[in-house]
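A.B. asks: Quick one: the structure is below, questions incoming.
The values are calculated or read from the model by the stated rules, or taken from the named source; none is laboratory data. Computed from a predicted structure; not experimentally measured. Positions of Cβ are backbone-derived with ideal geometry, glycine not excepted, and every protein chain shown enters the neighbour counts. These accessible areas exclude ligands, DNA and RNA; they are computed on the full protein's heavy atoms, side chains included. Shrake-Rupley method; radii C 1.70, N 1.55, O 1.52, S 1.80 Å.
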Amino acid sequence: MSRTKVIAIPVLGKHAVNAHLLLGRHPVLVDAGTPGSAGRILDAVTRNGVDPADLRLIVITHGHLDHFGSAAELHRLTGAPVAGHVADLGQYRTGRVREPYLPTGPMGRLMDRNRKLHETVEPFEPGVLLDGELPLHDFGVDARIMPTPGHTAGSVSVLTDDGDLVAGDLIANSFMGLVPGRPANPPFHDDPRRNLASLRAMLELRPTRLHVGHGIPLDPERVRDWATREQRRLDRAAAAGRLRSRPGTSRRPIRRSR
């Protein structure tokens with residue numbers, strides 16, 4: 001088994017929006033950034049010693065525009081197939097997110113006013129359609145894709161055999177990475193309780209580090225402490241009738257490979 005190296009690729013700002021490059025026997029890209037960011041992502045891939053034509057797979061963690069915005073263009077430029085979960089297939093096929101967004105706090109309410117988050121981007125058809133876990137050894141990295149629904153119904157994470165968790169928007173740094181190292185919700189969740197359950201399930205697998213879409217890598221112990229506090233907060237919000245979730249997000253089961 002060869003070690004899989006995880007390299008953050010800043011798409012917006014220093015770490016406001018990240019994609020990730022996985023380096024093993026062959027390279028795999030996780031997430032496709034915002035619309036129009038394909039050139040920046042491929043430049044970073046090249047700077048890390050990888051020919052973009054050698055990419056074996058592009059994994060999309062979920063159906064938000066800052067994560068699949070350049071998927072179609074990256075597929076054209078590299079020839080690599082794109083993997084996406086069936087529960088977010090509607091977003092990928094239409095190039096539009098499911099609306100309305102459900103903000104998790106003030107940052108989300110502010111960002112919801114940004115017209116760019118409501119645009120239609122170039123759609124794509126996943127060449128690898130996910131509906132459960134998928135080992136990535138045949139694609140050249142010792143890792144597996146794991147369903148982690150809640151942020152969206154089709155959210156996934158990638159767990160390497162070394163314990164690195166590429167978590168998409170399962171968790172974030174506070175204020176889109178402006179407070180580095182401090183765990184926080186991303187600006188939106190379709191189902192906060194389902195997302196927290198997915199996060200806690202991943203923490204039970206004892207990851208060594210969480211690489212996220214917004215901010216720097218997070219320490220699992222800090223995330224675990226945050227999750228305990230977040231559970232109490234969500235319970236209070238639910239008891240007061242203030243907890244919103246998108247219908248259908250919670251009902252879809254997590255399918256695991258046997």
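A.B. asks: Taking R0 as 25 Å, what's the FRET efficiency between residue 115 and residue 244 from their Cβ-Cβ distance, rounded to 0.05?
C.D. replies: About 0.65, to the nearest 0.05.
A.B. asks: Here is a follow-up. Multiply the residue separation of residue 86 and residue 128 by 0.36 nm, subtract the distance between their alpha-carbon atoms, and state the gained length in nm to one decimal.
C.D. replies: Values: separation 42, 0.36 × 42 = 15.12 nm, distance 0.96 nm.
Separation in residues times 0.36 nm, less the Cα-Cα distance, equals 14.2 nm.
A.B. asks: What's the carbon and sulfur percent of the chain's accessible surface, probe 1.4 angstrom, rounded to a whole number?
C.D. replies: C and S fraction of accessible area: 50 percent.
A.B. asks: What are the ³J(HN,Hα) couplings of region 200-217, residue after residue, when phi is run through the Karplus curve with 6.51, -1.76, 1.60 and θ = phi - 60°? Round to Hz, x for glycine and proline.
C.D. replies: With coefficients 6.51, -1.76 and 1.60, one gets 5, 5, 5, 5, 5, 7, 6, x, 7, 6, 10, 9, 10, x, 9, x, 8, x Hz.
A.B. asks: Quick check: from the Cα gyration tensor, does region 107-258 come out rounded (a/c under 1.5), prolate or oblate?
C.D. replies: Rounded, because the longest to shortest axis ratio a/c is under 1.5.
A.B. asks: Heavy-atom accessible area per residue, the chain, 1.4 Å probe: how many Å²?
C.D. replies: Ligands and nucleic acids excluded, the figure is 45 Å² per residue.
A.B. asks: Next up: For region 167-208, what class follows from the C-alpha gyration tensor (a ≥ b ≥ c being the square roots of its eigenvalues): rounded when a/c is under 1.5, otherwise prolate if a/b is larger than b/c, else oblate?
C.D. replies: Since a/c reaches 1.5 but b/c is at least a/b, the shape of region 167-208 is classed as oblate.
A.B. asks: OK, next. For the chain, with equal point scatterers placed on the C-alpha atoms only and solvent neglected, what are the log10 I(q)/I(0) values from the Debye formula at q = 0.08, 0.10, 0.11 1/Å, to two decimals?
C.D. replies: Relative scattering, expressed as log10 I(q)/I(0), comes to -0.27, -0.42, -0.52.
A.B. asks: Then there's this: Tally Lys and Arg at +1 and Asp and Glu at -1 over the other residues with C-beta under 14 Å from the C-beta of residue 166: what net charge comes out?
C.D. replies: -3
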